[in-house]
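K.L.:
So that we are looking at the same thing, I have put the structure below in structure tokens.
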Amino acid sequence: MPASDDQSARGESEPPNVALAYPPRSNPAARLLPLVMLFGAIVALIVHRSDLLTKTAVINKLNNITSTSNAAASPATLAVCYSGHLGTFPHVFHQNLDAIRSFDKNAHIFFFVDPKDDYHHERSGHRYVEEHDMGLIQPMFDAMKAKVVRTFSTEAITVPKASQCYMRENSESNHYSKYYMQFYAANECYKMIETEEQASGKQYKWILRLQPNMQIRLKSIPEDAEPRVHMSGNAIALIPRQMADDFFSVVQAFEPGKCKPLDQLGGAPCEKYSYEHWTPECLQIKWLSMTHIIPSNGAYVNRKIIYPTPPDIPNE
């Protein structure tokens, strides 16, 4: 019905149509939904940022372990070569980093490692298999300010089948080749160090060969000390740079015919050490003796093997 003249004069009109003010299937409470969604998004953002800050704090805490000195002002004299299975690396890297930095606070650290551990536990006799999550290991590499990190698969490496390098004379079943991967991985790591030296135009003074599952102890070496390879087992060695080529080239012993001269040496070069003549340590010592390098035995470097927790063996 049209408005009366009196209503028009007063500027009054009919109440708005309720159906137009509030569309069908809607009500005033629906207006709160966008606000609730916005509030939820803000809360989620705050939680995410808090989580991110927590992770950042953890990484920063790890990074604070390392030296903040200017490497350019004090160049690195030590290159550290981690090679082989990662093993118990997460449990020993803090202690090792302290030892490395005490020897050279600007040391450069290189990794050539297999994330998959697959070996027999020496104490329990059980097989130990684990695939490390590299995402969890990465903050440790970052804390150590690793120069280069490369991974490989032991299963993809072929041991030379034509090798005549035996543990014992005329023993066809006992090859040194069971240790081939140790020497191969160390040599590949050494190649990375050489590449870095070529790029920088500078050579390191010392190279530390190190297995990831070893906890190490290092002593400073007097400047006037006679250059020598300092070994602690086969897995740990502190090597003067001028002797590194001879040390890491032991992997060539596995090439056809190369081990014959070493077999002829017998165990004589290893007699004054605590290593049996069939061990990889003795192979390394015999290889060095071919170039008249006589290593010391733990004079400035020592190690402790940190074993992984033996896996649970299911009841049979």
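K.L.:
Does the range 194-245 classify as rounded, prolate or oblate by the C-alpha gyration tensor (a ≥ b ≥ c root eigenvalues; a/c under 1.5 gives rounded; else a/b over b/c gives prolate, otherwise oblate)?
P.N.:
Oblate, since a/c reaches 1.5 and b/c is not below a/b.
K.L.:
So how far apart, in nm, are the two label points at Gln242 and Ile294 if each is 7 Å from Cα heading toward Cβ?
P.N.:
In this crude spin-label approximation the distance works out to 1.8 nm.
K.L.:
Would you mind checking the pairs Lys147/Lys260; Lys191/Lys286; Lys145/Lys258; Lys105/Lys304; Lys178/Lys202; Lys178/Lys272 and listing those with alpha carbons more than 27 angstrom apart?
P.N.:
Pairs exceeding 27 Å: Lys147/Lys260; Lys145/Lys258; Lys178/Lys202.
K.L.:
Efficiency by 1/(1 + (r/R0)^6): what FRET value for Leu136 and Gln264, r their Cβ-Cβ distance, R0 = 45 Å, to the nearest 0.05?
P.N.:
Taking R0 as 45 Å, the efficiency between Leu136 and Gln264 is 0.40.
Rule-based calculations on the coordinates, nothing more; no lab input. For clarity, every value in this text was computed on a predicted model and none was experimentally measured. Because the Cβ atoms are built from the backbone with ideal geometry, glycine has one as well, and the counts that use them run over all protein chains shown.
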